[in-house]
1. Quick one: if the Förster radius is 56 Å, what FRET efficiency do H133 and M359 give, using the C-beta to C-beta distance and rounding to 0.05?
2. Using label points projected 7 Å from each Cα along Cα→Cβ, tell me how many nm separate R288 and E242, to one decimal.
3. To the nearest 500 deg cm²/dmol, what mean residue ellipticity at 222 nm is calculated for the chain from DSSP H runs of n ≥ 4 alone, each contributing -39,500 (n - 2.57), summed and divided by the residues?
4. Under a point spin-label approximation (7 Å from Cα along Cα-to-Cβ), what is the F216-T300 distance to one decimal in nm?
5. Taking each pair of different alpha-carbon atoms in the chain once, compute 1/r for the pair, average those values, and report the inverse of that mean as the Kirkwood hydrodynamic radius in Å to one decimal.
6. Taking square-rooted eigenvalues a ≥ b ≥ c of the alpha carbon gyration tensor, is the range 22-130 rounded, prolate or oblate, where a/c under 1.5 means rounded and, failing that, a/b exceeding b/c means prolate?
7. Under 20 Å from a point 7 Å along the Cα-to-Cβ line of N104: which residues of the range 172-205 have their amide N that close?
8. Given +1 on the Cβ of Lys and Arg, -1 on the Cβ of Asp and Glu, and no further charges, what dipole in debye does the chain carry about its Cα centre, rounded to the nearest 20?
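Just so it is clear, none of the values below were taken in a lab; they were calculated from the coordinates. In this text, all values refer to a predicted model and were calculated from it rather than measured experimentally. A quick note on method: Cβ atoms are made from the backbone with ideal geometry, for glycine too, and the neighbour counts reach across all protein chains shown.
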Amino acid sequence: MPPDHPADAPFNTPFDIGETDRLLSTTRAVRRRLNLEQPVPPQVILDCIDLAEQAPTGGNQSSRRWLVIRDSDTKAALAELYREAGGNWISDAYQQVEGTGHHNEKALRSADHLARNLEHVPAIVLVTIHGEHDGSGRPGLFDSVVQAAWTFCLALRSRGLGSAWTTIHLGAADRVAELLGIPDGVSQIVLLPVAWTIGDDFSPAERRPANDITWFDHWGHTIERPTGEAPIHADGAGVTVEVDIDAPPSAVWPYISDIELPARFSDEFQGAEWISAEPAVGATFLGRNRNERMGDWEVTCHIVGYEHERVFAWNSVDPDQPAAQWRFELIPLAGATRLRFDMVLGPGPSGLTSLIDTMPDKEQKIITNRQLSQTANMRRCVEGIRDLVDSERGGNAGERETHQ
Ligand SMILES: Cc1cc2nc3c(=O)[nH]c(=O)nc-3n(C[C@H](O)[C@H](O)[C@H](O)COP(=O)(O)O)c2cc1C
């Protein structure tokens, strides 16, 4: 959700920040609410391109080229290529999930609508750039286009028009180039259907909050409530580790809901047993730990999140004022699962707070060291689970795909 600054901003803003944030948080992929009847004056598109060209570009060179397609025969041919390159696959995929409540049903319904109606959109804008990516991994090509194309979408939205970011046509890029006379050496980046929107009451989408996906000073180091420059216990400092597993959530769930399992990988957590019978919110288990500095200790852990094949979370010591909060989460990806393991220190007292009390001037160092040691343990744990799932399914741990 967008930040709620306007009322409590501790700074003077040069813009109406409420309106700016509304624009930034409600520029959606519009497909079913594109007005296919009302023409779009070319000058509006040129105005939006002028704004888009304010975006940064590598070497400060003007190499972006914008192709505005209005001719109905050309749009029809382009729409056919879009469908052949993947639009038809989307329509088939939608038919399979229609009415099932699948997590992608809404997006597929909308994408199917666009695939079937692309030729009826008043204008299609193809954003291109002079040059071809050399595969070197150096910045300079796509990196000089994407930001301008998105500014274009924002400028459309502020004028009552809409678009959807599409790239399916790239599967038929050669034929698209032939159709439109695009010369060799020019890269197509994104195809944007442009129309007035039907209504303008778009809402922010469900996205992960910033403090869930933002690391401070070290990969995976999180802060729930930043109070200043360096992590202190009151900040809710924590750790997140993630790994992608080529298996559905149902194959990973038995491992994350097994309270004994982390002991196979952690050099601190020794094992656990259920105190209460049913694993459900409110249930408790006893965890046994050992490390060099603190020796052996036991903690009661309270299940605070239990959603089948999705979340397994517990707080240690006190469910409301925990010494630490732990959470496994399974995030479905296309054909895979992202396993996420979070830990947040506090806000309740713990061995760590006792240590800080003896050396208050070392608080930041103590917190950071704790984050570092837990990162190593937690990473071993998620990678160990991934390898167990892989070997159970006969997978090859050496050949992994990257999921976005
Ligand atoms: C790189 C990229 C490629 C995309 N390609 C397509 C596409 O070919 N067709 C399509 O209908 N949507 C495409 N999308 C749009 C996403 O599906 C869209 O962002 C998603 O439905 C979420 O909608 P929202 O941004 O309104 O929340 C693409 C988005 C991105 C970032």
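1. Numbers: r = 52 Å, r/R0 = 0.93.
Once the sixth-power term is evaluated, E becomes 0.60.
2. Placing both labels 7 Å beyond Cα along the Cβ direction yields 3.5 nm.
3. Details: 12 runs with 129 residues, N = 404.
For the chain, the value works out to -9500 deg cm²/dmol.
4. For the pair F216/T300, the computed spacing is 3.1 nm.
5. Numbers: mean 1/r = 0.0402 Å⁻¹.
Result for the chain stands at 24.9 Å.
6. Working: a/c = 1.89, a/b = 1.60, b/c = 1.19.
Prolate, because a/c is 1.5 or more and a/b exceeds b/c.
7. The answer is 172, 191, 205.
8. Values: 36 positive and 59 negative charges, 120 e Å.
The dipole of the chain has a size of about 580 debye.
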